[in-house]
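K.L.:
Here's a structure for you.
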Ligand code: ASP
């Protein structure tokens, strides 16, 4: 009887040790997962060809992408939030005239700059967006403010400006956004439209404002912080020669931007009308959630299959909850960069 009791007791001790080690193993795994962080950005997609790019211009784009991503990476490395990383990274690109966002935004038909931006927090599924903003220096900051300081998700035009002023955001003269390069690009497309083009050609010309790489440059960022929170943001001037208050995909949650801690974060760039119709960013997340697809499989299906079949062009940068990252585009190029928790940096422009 005593023997039986001893056997039973040592059996119980063995089981509890095993459970404990399994528990601590699980804990370690979840700690490892939590300390993973990553960041991925784009600076627009389109007919970006090496033959149209000077060495200086290429170097300038790469340097700015690297500068921007390192700002966000440092924030994440020091334990900052994915929200802060996305905002600061995008602001570096908004302040650069190289990109079609903030300073350097493309011109509308009326020769103004109307800016769109959006942001989403993957932990709370909270989001903020602005459209048609003309005098707020940082549209991405305003989008985040809409999320944190208002009861709404999207504000537009004058109302968005009033809100920005009330919240103390930096207001600039609309001339701040002017760049000669973008202005010339508008004149070129307007001249083309004056010639006798049929409807389809006009449509093509509208979206081809930039035979020499001048249309592109919407910016976006997705980050995963050490707490496992994903955030995504997008900022743009839209499309050259846009009129009638046209709004693209960039400020639309689910099209231009999406983030969900259970799946992934996405920022889009390309021909906005198609991205709205295909709900690109949400579709990627949904395929992961409902079909258990990997990030790579989902981004590939949405861009190379669904968007392409409809005739849309562009791409996305995306990042999942485990720090996997994906660049996916169906254009000749996309300004892009990524950095993981080991500090490995990728900066690319063309398809390869
Ligand atoms: N998606 C933007 C828009 O349609 C433009 C771009 O990404 O190039 O407004």
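K.L.:
Could you tell me how many of the residues in the range 277-295 are within 13 Å of the ligand (Cβ to nearest atom) and either without any contact (Cβ under 8 Å) to a residue 24 or more places away in the chain or buried (at least 18 other Cβ atoms within 10 Å of the Cβ) (or both)?
P.N.:
Selection size over the range 277-295: 3.
K.L.:
A further question follows. For residues that are within 8 Å of the ligand (Cβ to nearest atom) and buried (at least 24 other Cβ atoms within 10 Å of the Cβ), tally how many sit in the range 243-263.
P.N.:
The total comes to 4.
Yes/no matrix, rows are residues, columns are (1) out of contact with any helix residue (DSSP H, G or I) (no Cβ under 6 Å at 6 or more places or on another chain); (2) free of Cβ contacts under 8 Å to residues at least 12 places away in the same chain; (3) more than 19 Å from residue 331 (Cα to Cα):
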{"position": "48", "(1), (2), (3)": "yes, no, no"}
{"position": "56", "(1), (2), (3)": "yes, yes, yes"}
{"position": "59", "(1), (2), (3)": "yes, yes, yes"}
{"position": "64", "(1), (2), (3)": "yes, no, yes"}
{"position": "71", "(1), (2), (3)": "no, no, yes"}
{"position": "74", "(1), (2), (3)": "yes, yes, yes"}
{"position": "80", "(1), (2), (3)": "yes, no, yes"}
{"position": "85", "(1), (2), (3)": "no, no, yes"}
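K.L.:
Exactly one of (1) crowded, with 24+ Cβ neighbours inside 10 Å; (2) near the ligand (Cβ under 10 Å from one of its atoms); (3) outside any loop (DSSP other than H, G, I, E, B) is unmet by residue 273. Its number?
P.N.:
(1)
K.L.:
Looking at residue 300 and the list (1) in contact with a strand residue (DSSP E or B) (Cβ under 8 Å, 6 or more places away or on another chain); (2) away from the ligand (no atom under 14 Å from the Cβ); (3) within 21 Å of residue 119 (Cβ to Cβ); (4) in a helix (DSSP H, G or I), which single condition is not satisfied?
P.N.:
Checking residue 300 against (1) in contact with a strand residue (DSSP E or B) (Cβ under 8 Å, 6 or more places away or on another chain); (2) away from the ligand (no atom under 14 Å from the Cβ); (3) within 21 Å of residue 119 (Cβ to Cβ); (4) in a helix (DSSP H, G or I), the one that fails is (3).
K.L.:
Please go through the range 208-238 and give me each residue that is within 8 Å of the ligand (Cβ to nearest atom) and modelled with pLDDT under 95, ordered by number.
P.N.:
Once the filter is applied, which keeps residues that are within 8 Å of the ligand (Cβ to nearest atom) and modelled with pLDDT under 95, the range 208-238 yields 215, 216, 217.
K.L.:
Of all residues in the range 109-122 being surrounded by 19 or more Cβ atoms within 10 Å (Cβ to Cβ) and over 16 Å from the mean Cα position of the chain (by Cα), which is farthest from residue 261 (Cα to Cα)?
P.N.:
Here the answer is 113.
The values are calculated or read from the model by the stated rules, or taken from the named source; none is laboratory data. In this text the structure is predicted, and so the values were computed from the model without any measurement. Here Cβ is always computed from backbone atoms with ideal geometry, including for glycine, and neighbour counts include all displayed protein chains.
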